[in-house]
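Here is the structure we will look at.
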Amino acid sequence: AVLTELNHRPEVFSPSFLAQNPIRILDIGCGPGTATLATLAFLSHLDLESPLNIEIGLYDSSVSVLQDAQALIRQLVKQLNQDQEQL
């Protein structure tokens, strides 16, 4: 719901705003990165003119779960970048 609301505010995703401001995701208690993965999937479906600069901070008390989240997010980002190259 929050992401959909942001999508209704064109100034947030305007090229001039995005060129000057990275998108920052802070996922506290990230577990396997579900919220971050969903956010990246949402952002990948936006019709934008240029690539996004995204900074991600993941925090979890479990090192192994944090490592899993990092691996899943890297895998998704790699796939999204490959999909973008094919366009």
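The values are calculated or read from the model by the stated rules, or taken from the named source; none is laboratory data. Note that this is a predicted model, so its numbers are computed, not measured. All Cβ positions, even for glycine, are placed from backbone atoms using ideal geometry, and neighbour counts span all protein chains on display. Ligands, DNA and RNA are stripped out before the accessible areas are found, and what is left, the full protein with its side chains, is counted by its heavy atoms. Shrake-Rupley method; radii C 1.70, N 1.55, O 1.52, S 1.80 Å.
Computed with a 1.4 Å probe over protein heavy atoms only, the accessible surface of the chain comes to 73 Å² per residue. Solvent-accessible area assigned to carbon and sulfur over the chain amounts to 54 percent, based on a 1.4 Å probe. Taking each DSSP H run with n ≥ 4 as -39500 (n - 2.57) and averaging over every residue of the chain yields -16000 deg cm²/dmol at 222 nm.
Between ALA71 and LEU6, what's the calculated FRET efficiency when r is the beta-carbon distance and R0 is 30 Å? Round to 0.05. The formula returns an efficiency of 0.65 here.
Around the amide H of ILE25, modelled in the peptide plane, lie the amide H atoms of GLU55, ILE56, GLY57, all under 5 Å away and 5 or more residues distant in sequence or on another chain.
Compute the label zone of ASN81 within the stretch 15-49: residues whose backbone N is under 19 Å from the point 7 Å along Cα-to-Cβ. Under 19 Å, as judged by backbone N against the label point of ASN81, lie 22-25, 36-46, 48-49 of the stretch 15-49. Shown in residue order for the stretch 47-55 are the 3J(HN,Hα) couplings computed by the Karplus curve 6.51 cos²θ - 1.76 cosθ + 1.60 at θ = phi - 60°: 8, 10, 7, 9, x, 8, 9, 10, 10 Hz (x for Gly and Pro). Length gained on full extension, GLN20 to VAL63, computed as 0.36 nm times the residue gap minus the Cα-Cα distance: 12.2 nm.
To the nearest ten degrees, helix 34-44 and the longest principal axis of the Cα atoms of the chain are 20 degrees apart.
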